[in-house]
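The values are calculated or read from the model by the stated rules, or taken from the named source; none is laboratory data. Everything numeric in this text was worked out from a predicted model, so none of it was measured. Using ideal geometry, Cβ is built from the backbone for each residue, glycine included, and neighbour counts are taken over all protein chains shown. Note: areas computed on protein heavy atoms with side chains; ligands, DNA, RNA excluded. Shrake-Rupley method; radii C 1.70, N 1.55, O 1.52, S 1.80 Å.
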Amino acid sequence: MPLTLTFTDTDELLLAALHKRARAHGRSIEEEHRDILRSVLRPLPKRPLDDILRSMPDVGSDMDFEHRS
């Protein structure tokens, strides 16, 4: 489903940064724009909580935290 996006009153510095980024990646401004949108709007993969907790660094003992009953 093709969709056309039109931007008006866009900050010139923002446009210049988009041009520079597109050149650096060797692609058109449209391709760069699509890649930016894809990377920002793509849902993050879900990870199990135990996987997230295991990946956290060990920064001290449990004595550093107050235990409430």
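Quick one: 3J(HN,Hα) in Hz for region 5-22, Karplus 6.51/-1.76/1.60 with θ = phi - 60°, rounded, Gly and Pro as x.
10, 10, 10, 10, 6, 7, 4, 4, 5, 5, 5, 5, 5, 5, 4, 4, 5, 4
Between helix 29-41 and the chain, what is the angle of the helix's C-alpha long axis to the longest principal axis, kept within 0 to 90° and rounded to the nearest 10?
The angle comes out at about 20 degrees.
Can you bin every Cα-Cα distance in region 1-65 into 5 Å intervals starting at zero and give me the percent of pairs per bin, rounded to whole numbers?
Reading upward from the zero bin: 3, 12, 14, 16, 11, 7, 7, 11, 8, 6, 4, 0.
Please give the per residue accessible area of the chain, computed with a probe of 1.4 Å over protein heavy atoms only, in Å².
Heavy-atom accessible area per residue stands at 103 Å².
Counting trypsin sites (Lys or Arg not before Pro) as exposed when in a DSSP loop with at most 12 other beta carbons within 10 Å, what is the longest stretch of the chain free of them?
Between exposed loop sites, the widest span is 1-45.
For GLU66 and LEU37, calculate 0.36 nm times their separation in residues minus their Cα-Cα distance, and state this gained length in nm to one decimal.
Once the chain is fully extended between GLU66 and LEU37, it gains 6.1 nm.
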